[in-house]
Amino acid sequence: MKNILLPTDFSDNARNAIHYALEFFKNELCTFHIFNVQKASHYTTDDLMAAPANTTIHQSVISDVKKKLTQMVEELTDQYPDENYTFNTITDYDVFTDAIRQTVKSKNIDIIVMGTNGATGASEVVFGSNTLNVIRKIDCPIIAIPQGCKYKDPKTILYAIDYWDHFNTEGIEPLMDTIIKHKSSLRVLKIKEDDTITVADFDDKKHMKEFFKEINHTFHSIINVPTALAINSFVQIMDVDMTAMFIKRETFLDRFFKGSETSKISYGTRVPLLIMHSQ
């Protein structure tokens with residue numbers, strides 16, 4: 001049984017990510033932990049004054065949240081009556097990433113599915129600060145769902161490898177599980193600084209050919225193009241449904257999320273992103 005964490009701030013973006021997760025894991029035995037974390041700074045004096053006199057500040061802050069979570073579970077249960085889904089609600093009162101880290105450990109979470117933006121939904125924000133902090137700081141696979149992205153079976157998956165990195169099977173299970181479950185085709189993209197082929201590149205390709213031999217896969221490379229622009233272009237040209245990558249070096253993360261100042265093209269509105277971690 002999979003344990004899946006679904007953070008929500010009750011925004012449309014968060015709700016969309018939850019529905020994506022429930023479609024993505026259909027026909028599997030899953031427990032979905034719907035999670036909300038609150039900070040006292042989010043509440044005004046009027047909010048707290050409206051609570052009954054015998055209610056603690058903590059209780060007044062989370063009581064409305066618990067009601068919303070309960071209502072959400074009732075709606076989701078009604079929408080997916082034939083699935084082997086169990087829903088659990090979690091309300092915390094902590095720093096967001098600290099609360100996520102504790103929940104991942106205590107609930108034995110296998111994967112996190114969350115929206116890319118927060119409640120503001122600002123169009124210029126590719127990845128909201130909460131999502132980016134989870135990707136940076138939490139050692140757990142994550143599927144980040146772009147704002148407004150509707151569910152589509154991931155029949156074509158792009159596996160992007162940065163030019164400093166090499167193929168490693170450690171932590172690759174979420175990608176393999178997705179490919180097998182959805183019978184996906186795999187497009188392996190190496191982003192390179194130049195057209196030099198090293199011994200390491202040759203060994204990588206040989207290793208991947210053997211590892212992915214039971215899967216429909218192809219190899220591609222893009223040379224001397226900014227990371228975000230390279231991935232964004234490939235997603236559009238090859239009609240990709242999901243992008244997967246390992247986050248191991250800060251440089252890849254920065255190049256990917258900051259994109260290209262010259263291109264002004266951001267990746268974040270395209271397709272879901274599966275983030276895996278390796279040491």
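The values are calculated or read from the model by the stated rules, or taken from the named source; none is laboratory data. Since the model is a prediction, treat every value here as computed from it, not as a measurement. Glycine also receives a Cβ, built like all others from the backbone with ideal geometry; neighbour counts cover every protein chain displayed. Only protein heavy atoms, including side chains, enter the accessible area calculation; ligands, DNA and RNA are left aside. Shrake-Rupley method; radii C 1.70, N 1.55, O 1.52, S 1.80 Å.
Tabulated data
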| quantity | calculated |
| --- | --- |
| Meets criteria (open to solvent by less than 20 Å² (accessible area, probe 1.4 Å), of a type in the set (A, V, I, L, M, F, W, C) and modelled with pLDDT of 95 or more) for residue 62 | no |
| Boolean, residue 93 is free of Cβ contacts under 8 Å to residues at least 60 places away in the same chain, open to solvent by 50 Å² or more (accessible area, probe 1.4 Å) and of a type in the set (Phe, Trp, Tyr) | yes |
| Tally, over segment 182-208, of residues that are under 23 Å from residue 154 (Cβ atoms) and touching a Phe, Trp or Tyr at 6+ places or on another chain (Cβ under 8 Å) | 7 |
| Residues of segment 214-250 satisfying the condition of being of a type in the set (D, E, K, R) and closer than 20 Å to residue 171 by Cβ | 214, 248, 249, 250 |
| Out of 67, 107, sole residue that is open to solvent by 70 Å² or more (accessible area, probe 1.4 Å), within 23 Å of residue 144 (Cα to Cα) and at pLDDT 90 or above | 107 |
| Looking only at segment 265-279, and only at residues there that are at pLDDT 90 or above and open to solvent by less than 10 Å² (accessible area, probe 1.4 Å), the one that is farthest from residue 24 (Cα to Cα) | 276 |
| Members of segment 134-148 that are at pLDDT below 90 and either part of a loop (DSSP other than H, G, I, E, B) or in contact with a Pro (Cβ under 9 Å, 6 or more places away or on another chain) (or both) | 134, 146, 147, 148 |
| Count of segment 154-171 residues which are in contact (Cβ under 8 Å) with a residue 60 or more places away in the chain and either touching an Asp or Glu at 6+ places or on another chain (Cβ under 7 Å) or not in a loop (DSSP other than H, G, I, E, B) (or both) | 8 |
| Members of segment 9-25 found to be in contact with a strand residue (DSSP E or B) (Cβ under 9 Å, 6 or more places away or on another chain) and either among the charged types (D, E, K, R) or farther than 20 Å from residue 69 by Cβ (or both), listed by number | 9, 12, 15, 24 |
| Every residue from segment 150-184 that is of a type in the set (Ser, Thr, Tyr) and either at pLDDT below 95 or open to solvent by 20 Å² or more (accessible area, probe 1.4 Å) (or both) | 151, 156, 163, 169 |
| Condition met for residue 12 (in contact with a Gly (Cβ under 8 Å, 6 or more places away or on another chain), at pLDDT 60 or above and not small (Gly, Ala, Ser)) | yes |
| Any hit, segment 21-35, residues being surrounded by 15 or more Cβ atoms within 10 Å (Cβ to Cβ), at pLDDT 85 or above and more than 18 Å from residue 80 (Cα to Cα) | yes |
| Top-ranked residue of segment 221-236 - restricted to ones that are at pLDDT 90 or above and under 24 Å from the mean Cα position of the chain (by Cα), ranked as farthest from residue 271 (Cα to Cα) | 234 |
